[in-house]
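Below is one structure, written out as structure tokens, with a few remarks after it.
Bear in mind that the values in this text are calculations on the coordinates, not laboratory data. Note that the structure is a prediction, hence the values are computed from the model and not measured. Glycine also receives a Cβ, built like all others from the backbone with ideal geometry; neighbour counts cover every protein chain displayed.
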Amino acid sequence: MNFKGLKVLVVGTGISGIGAVKLLEEKEAVPILFDSNDKIVVDEVREKLLDGGKTSVYVGTLPDNVLKSIDMVILSPGVPVDIPLVKNFKDRGIKIWGEVELGFEFAKGDLLAVTGTNGKTTTTTLLGEIIKNHHGEDDVFVVGNIGNPYTLEALNTRDTSVTVAEISSFQLETIDKFRPKVSAILNITPDHLNRHITMENYVAVKEDIARNQTEEDCIVLNYDDEYTRSFADKVKAKVVFFTRKENPSTVNTGDLLYMDGDNIMYNDETVINVRDMILIGTHNYENVMAASGMALSYGVPMETVRETIRTFKAVEHRIEYVRTVDGVDYYNDSKGTNPDAAIKGIQAMVKPTILIGGGFDKKSSYDEWIRSFDGKVRYLLLMGQTASDIADCARSNGFNDIIFVNDMEEAVRTAREKSCPGDAVLLSPACASWGMFKNYEERGDIFKKLVREL
């Protein structure tokens, strides 16, 4: 597609929007950057653009004459597709892409893409390391929802390149020709229902990662998840399953990753013994199986896969050990932004735990999270918009050791006061960070800073 001279509206001034503008400028399009938040300072946005940027920047309201001149729209992932502005363009037949689709349009080489409700970041990062160790670090790009926009790396890729992408449901809403050579759906549990409204909508968006795949491609699916298991019958791509719970003899499929005692197996070959891994938690066995399945399907030798897993450490903000203070271990699991992810954090704890939770309301249900405490949580410290709802849910499930805190500083201070040597303190909020923090990274960084100051 020729973008030269095309007037392209980029909606959203975050990192994805900036990445899209930079790529469009390189391709001689005429990008126009817009954000409905009128508190954004235009000069600060311009500082992030190439050479101060020739791009027009609008905040708050888009003038009618600009609105009518647009040839194409690029949406940042955080922009809902059902807002009036976007509907206006749809009604006019204007092409609407997401930032990921724009990156895919100009990227070269092969694409490996990971989606799912939980485990995306760990799986994507591990897969990226495996591919780098096989293919060479300089020609592998890890992009997407992991924090590095696809658009910022697309023009750096070559025909020999491999791009490993973490893809969110928000990004999948706006794909067109996006086609991974190897894809994976790790799991699907309720999340972002404030945006997708129903589970049916959410599941359908996740499944779109395989929309354009053919028999020449491969998809790795979680056999233990009802949604992803049933999806295998709908895809054209070759299916590789992984299972942590099932006996392999009960799974009627071709290639399979499974548990044999402490060993992660690929068909009849041992990938790794979990005792040889630095990663902790049974959920990480699933992440390792998914990354291994993708890498092996792409042709990476087993020994490279095995040795990379052996030395791989947890990603930042995902059950990340911070430090031990007075015999108490502190863990940062700020990436636990929904109840299912937070359950994985609790399951990884082997000590009595003071748990810090709460945040932005994504219309989640917290019953399963509370029930997963299973006598392990000594106190639940709650903050943010969801604090009262979570407390009510906890009490209805028989858990009453609840303390309300106003902010992270009070949470860390209270956790120290309530903990004893041999305990653990875990930040695993089960909620998004918005409202109190810019993102889960800032939330986790503040937690770690406060812990290091104890």
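Numerical summary
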{"read-out": "Length-normalised contact order of the range 211-256 in % [C-alpha pairs under 8 Å, at least 6 apart]", "value": "38 percent"}
{"read-out": "Long-range amide H partners of Leu381 with built H, under 5 Å", "value": "Leu355, Ile356, Gly357, Ile403"}
{"read-out": "The range 380-454: GluC sites (Glu not before Pro) in DSSP coil with no more than 11 other Cβ atoms inside 10 Å", "value": "Glu453"}
{"read-out": "The chain - share of DSSP beta bridges that are antiparallel (%, nearest 5)", "value": "20 percent"}
{"read-out": "Loop GluC sites (Glu not before Pro), the range 107-184, which have at most 10 other Cβ atoms in a 10 Å radius of their Cβ (DSSP)", "value": "none"}
{"read-out": "Surrounding net charge for Gly147, when Lys and Arg each add one and Asp and Glu each subtract one, Cβ distance under 14 Å", "value": "-3"}
{"read-out": "Value of Rg/Rh across the range 7-98 [Cα atoms, Kirkwood radius]", "value": "0.92"}
{"read-out": "Phi-based couplings in Hz for the range 82-88 (Karplus 6.51, -1.76, 1.60; Gly and Pro marked x)", "value": "10, 6, x, 4, 5, 4, 4"}
{"read-out": "Farthest toward positive dipole pole in the chain [+1 Lys/Arg, -1 Asp/Glu at C-beta], among Val79, Ile175, Asn273", "value": "Val79"}
{"read-out": "Inter-part distance where the range 312-337 and the range 58-76 are each reduced to a Cα centre, Å", "value": "43 Å"}
{"read-out": "Signed unit charges on C-beta, dipole axis of the chain, positive-most listed residue Ile70, Cys218, Ser249", "value": "Ile70"}
{"read-out": "Relative contact order (percent, whole number), the range 320-452, Cα cutoff 8 Å, 6+ residue spacing", "value": "40 percent"}
{"read-out": "Mean separation of Cα contacts under 8 Å, 6 or more apart, over the residue count of the chain: relative contact order %", "value": "11 percent"}
{"read-out": "Cleavage-rule hits, trypsin sites (Lys or Arg not before Pro), the range 52-148, DSSP coil, Cβ neighbours within 10 Å at most 15", "value": "Lys54, Arg92, Lys108"}
{"read-out": "Backbone HN-Hα couplings from phi across the range 124-141 [Karplus 6.51/-1.76/1.60, Hz, Gly and Pro as x]", "value": "5, 5, 4, 4, x, 5, 4, 5, 4, 5, 8, 9, x, 4, 6, 10, 10, 10"}
{"read-out": "Separation between Cα centres of the range 213-276 and the range 355-408, rounded to whole Å", "value": "34 Å"}
{"read-out": "Karplus 3J(HN,Hα) series, Hz, for the range 6-11 with 6.51 cos²θ - 1.76 cosθ + 1.60 (x for Gly, Pro)", "value": "6, 7, 10, 7, 9, 9"}
